[in-house]
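Working notes for the structure below.
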Amino acid sequence: QVQLAESGGGLVQAGGSLRLSCAASGSIVRINTMGWYRQVPGKQRELVADIISDSRGSTNYADSVKGRFTISRDYAKNMVYLQMNNLKPEDTAVYYCTANLLISSAWRYGDYWGQGTQVTVSS
């Protein structure tokens, strides 16, 4: 069993900042990637940012958030963060934490998701 628990969502005015946190827990052997997706009603879930557990901590961002959002990891705590600055109304969405990881009872890596946290940016 794996759980991804998000926190840090809320209501903020345009131009403000929020920091999302996600903690992965359970019978985790190794984490390959962790990241954040977001979804608004009626639209597909889209990648916001992800980070690979390699020597460089390689990151990938959606074009719409480059320069405003920063993803980071705490490898010791199996956590991932999303620092969101200069927020815009179009960033309003439910943000989901995701991880591609290996658990002790599995033979392959699998994708796991959190329950989501609402981020609302008012104009």
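So here's what we get for this one:
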| read-out | value |
| --- | --- |
| Contact order normalised by residue count of the chain, Cα under 8 Å, 6+ apart, percent | 36 percent |
| Extension gain from D63 to A5, taking 0.36 nm per residue of separation minus the Cα-Cα distance | 18.3 nm |
| With DNA, RNA and ligands ignored, accessible area of K77 (1.4 Å probe; Å², nearest 10) | 130 Å² |
| Solvent-accessible heavy-atom area per residue, rounded to whole Å², over the chain at 1.4 Å | 56 Å² |
| Where D111, D54 fall by accessible area, highest first, once all protein chains stay in place (1.4 Å) | D111, D54 |
| Sulfur and carbon atoms: percent of accessible area, the chain [1.4 Å] | 46 percent |
| Reference-scaled alpha-carbon Rg (2.2 N^0.38 Å with N residues) for the stretch 57-123 | 1.32 |
| Whole-angstrom gap from the stretch 1-35 to the stretch 74-123, using each part's C-alpha centre | 4 Å |
| From the C-alpha gyration tensor of the chain, square roots of 5λ in Å | 26, 15, 12 |
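The values are calculated or read from the model by the stated rules, or taken from the named source; none is laboratory data. Predicted model, so just to flag it, every value in this text is computed and none were measured. Note: accessible area is taken over every heavy atom of the protein model, side chains too, but ligands, DNA and RNA are not part of it. Shrake-Rupley method; radii C 1.70, N 1.55, O 1.52, S 1.80 Å.
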